[in-house]
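Report on the structure given below.
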Amino acid sequence: MFAGLFGKKKPVVVPDKPVAGPMTLESGLVSFVPGFTTRRAIERRMGPAIEYPAPGWRTWAAAGLRNQRWVLSAIYRGQVLIGIEHYLAKTENLPRDTPPANGIFKIMPGEIGIGNRITSLPEYFISQAGREGGARSIVYQHAYQARWQHGIAIISGNDGRIERMALYANHEMPTIPAVPDPPPEPGDRLV
């Protein structure tokens, strides 16, 4: 597994038909645009979230089908959204006090939603399936991605159905200005 994570980097495969504009996760309440949407705008419409599944992530529980639990999780850099994931919960450990995320969430363009058939993905998604037995194939049989100027969309699933949708901003996003370090004071130790 570590070789897969830290081994030699593979060249990035670029689809023949890349996405022209940004991909977004949409609901009737809010449009999530990684690298641009602010935490304040999200929480004004969705309410505050709990910290789950890891430090830094903010999570709401979304309605699911057939007794499924769906989850909506956001991560921020400063006050700007840099990642949003909508997925079918793979565990029953979602805290009971998780606030609700009302609405139906779809990735646009393409109106991609949880439960859709993998074969219905637009042509700008390319397969990124992991090796059989690799870390990615343990949780999901199918993995696809699409890129645009400011980010990446990842779609994963099992048995021909979408179970996870994620959008991430590029780490080089120009929307968050870098704050320069203050000049060293006399007597400061430089590390």
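Taken together, the values in this text are just the output of simple stated rules run on the coordinates, not laboratory data. Note that the coordinates shown come from a computational prediction; the quantities given were computed from them, not determined experimentally. Note: ideal-geometry Cβ built from the backbone for every residue, glycine included; neighbour counts use all protein chains shown.
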Between Thr119 and Asn102, what length comes free when the chain is fully extended (0.36 nm per residue of separation minus the Cα-Cα distance, one decimal in nm)? 3.4 nm
Can you list which of the GluC sites (Glu not before Pro) found in the range 50-111 are DSSP loop residues with at most 10 other C-beta atoms within 10 Å? Glu92
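Using the crude model of +1 on Lys and Arg Cβ and -1 on Asp and Glu Cβ, and no other charge, please compute the dipole size for the range 24-169 relative to its Cα centre, in debye to 20.
180
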Would you mind classifying the range 58-127 by shape? Square roots of the alpha carbon gyration tensor eigenvalues, ordered a ≥ b ≥ c; an a/c under 1.5 is rounded, otherwise it is prolate if a/b is larger than b/c and oblate if not. oblate
Which order do Lys90, Lys106 fall in if you start with the one that has the fewest other Cβ atoms within 10 Å? Lys90, Lys106
